[in-house]
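Read through the structure below, which is laid out as structure tokens, and then see the notes.
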Amino acid sequence: MVSKKKSCYNYRNRSFFYQWGKVYPLKANRKTAAGAPSCSGPNAAMQITIHQGDITKLKVDAIVNAANNSLMGGGGVDGAIHRAAGPELLQECLTLGGCATGEAKITMAYRLPCRFIIHTVGPIWRGGQQGEAELLTSCYQHCFELAGANKIQTIALPAISTGVYGFPKEEAARISVAQARLAAASKKNLTEIIFTCFNKESCQALEQALSAKP
């Protein structure tokens with residue numbers, strides 16, 4: 001169980017260290033590429049960080065875009081990423097033929113500080129009986145597969161499908177954390193996974209999911 005020390009609950013810089021099924025609250029003894037506090041734990045090879053802020057500002061190898069099926073930009077995170085990356089991103093996306101829900105495709109990042117953008121299309125919440133959980137799980141699986149194939153070490157992900165698509169934040173957080181833990185065990189190239197949140201509620205849902213036993 002994570003110790004609830006007051007200093008640990010600054011959601012703009014909230015970090016956990018995850019290793020072998022345990023979660024450790026972190027001390028702010030150095031800065032990561034995400035601008036969040038980091039630490040060394042029993043084995044610092046893999047770190048999971050919760051960061052409340054702008055995903056387009058992160059200096060990581062790759063960020064994940066919560067895209068729509070056309071990959072041509074939209075609202076929310078998708079629109080913000082397209083605006084920050086510049087028109088070259090749209091030109092590359094036009095060559096990809098869209099993306100099916102639950103899958104992912106990768107592009108260059110152009111004017112962003114990261115190297116790659118992984119675009120994934122999350123499911124619209126329709127009550128939970130239309131395979132939404134399986135599709136969201138598939139989104140994260142495909143993102144981490146592309147990260148492994150492209151030797152990505154640091155990756156930042158938004159809370160996919162929890163905005164206008166309406167996926168419940170708590171269930172989405174459990175799915176994202178479960179897939180991050182699997183990636184931590186199987187993708188040896190990964191050194192940091194950053195969950196980037198737009199609001200405090202998403203941060204709290206992720207923290208609860210990380211604090212729970214696998």
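Key figures for this structure:
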read-out	value
Residue under evaluation Ala212, criteria (1) open to solvent by 60 Å² or more (accessible area, probe 1.4 Å); (2) of a type outside the set (Ser, Thr, Tyr); (3) more than 20 Å from Gly53 (Cα to Cα); (4) without any contact (Cβ under 8 Å) to a residue 40 or more places away in the chain, criterion not met	(1)
Residues being open to solvent by 20 Å² or more (accessible area, probe 1.4 Å), in contact (Cβ under 8 Å) with a residue 60 or more places away in the chain and not in a loop (DSSP other than H, G, I, E, B) - total across the range 52-88	4
Members of the range 204-214 that are more than 13 Å from the chain's Cα centre (by Cα) and either under 21 Å from Ser138 (Cα atoms) or not in a loop (DSSP other than H, G, I, E, B) (or both)	Gln204, Ala205, Glu207, Gln208, Ala209, Leu210, Ser211, Pro214
Which listed residue is in contact with a strand residue (DSSP E or B) (Cβ under 9 Å, 6 or more places away or on another chain) and in a loop (DSSP other than H, G, I, E, B), from Tyr165, Tyr140	Tyr165
Residue count for the range 168-203, restricted to those that are in a helix (DSSP H, G or I) and touching a Ser or Thr at 6+ places or on another chain (Cβ under 7 Å)	5
In the range 89-126, the residues that are without any contact (Cβ under 8 Å) to a residue 24 or more places away in the chain, surrounded by 15 or more Cβ atoms within 10 Å (Cβ to Cβ) and of a type in the set (Ser, Thr, Tyr)	Thr107
Answer residue from the range 90-129, given it is in a loop (DSSP other than H, G, I, E, B) and among the β-branched types (Val, Ile, Thr) and is nearest to Ile63 (Cα to Cα) among those	Val121
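Every residue, every condition in (1) among the polar types (S, T, N, Q); (2) modelled with pLDDT of 50 or more, yes or no:
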position	(1), (2)
Asn10	yes, no
Gln19	yes, no
Tyr24	no, no
Lys31	no, no
Gly41	no, no
Leu58	no, yes
Glu88	no, yes
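To keep it simple, each residue is scored yes or no on (1) surrounded by 15 or more Cβ atoms within 10 Å (Cβ to Cβ); (2) hydrophobic (A, V, I, L, M, F, W, C); (3) in contact (Cβ under 8 Å) with a residue 40 or more places away in the chain.
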{"residue": "Thr137", "(1), (2), (3)": "yes, no, yes"}
{"residue": "Tyr140", "(1), (2), (3)": "yes, no, yes"}
{"residue": "Ala149", "(1), (2), (3)": "no, yes, no"}
{"residue": "Tyr165", "(1), (2), (3)": "yes, no, yes"}
{"residue": "Ala180", "(1), (2), (3)": "yes, yes, yes"}
{"residue": "Ala184", "(1), (2), (3)": "yes, yes, yes"}
{"residue": "Cys197", "(1), (2), (3)": "yes, yes, yes"}
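The values are calculated or read from the model by the stated rules, or taken from the named source; none is laboratory data. This structure is a prediction, so every number in the text was calculated from the model and none was measured. Every residue, glycine as well, gets a Cβ built from its backbone with ideal geometry; the counts of neighbours run over all protein chains shown. For accessibility, only protein heavy atoms count, side chains too; no ligands or nucleic acids. Shrake-Rupley method; radii C 1.70, N 1.55, O 1.52, S 1.80 Å.
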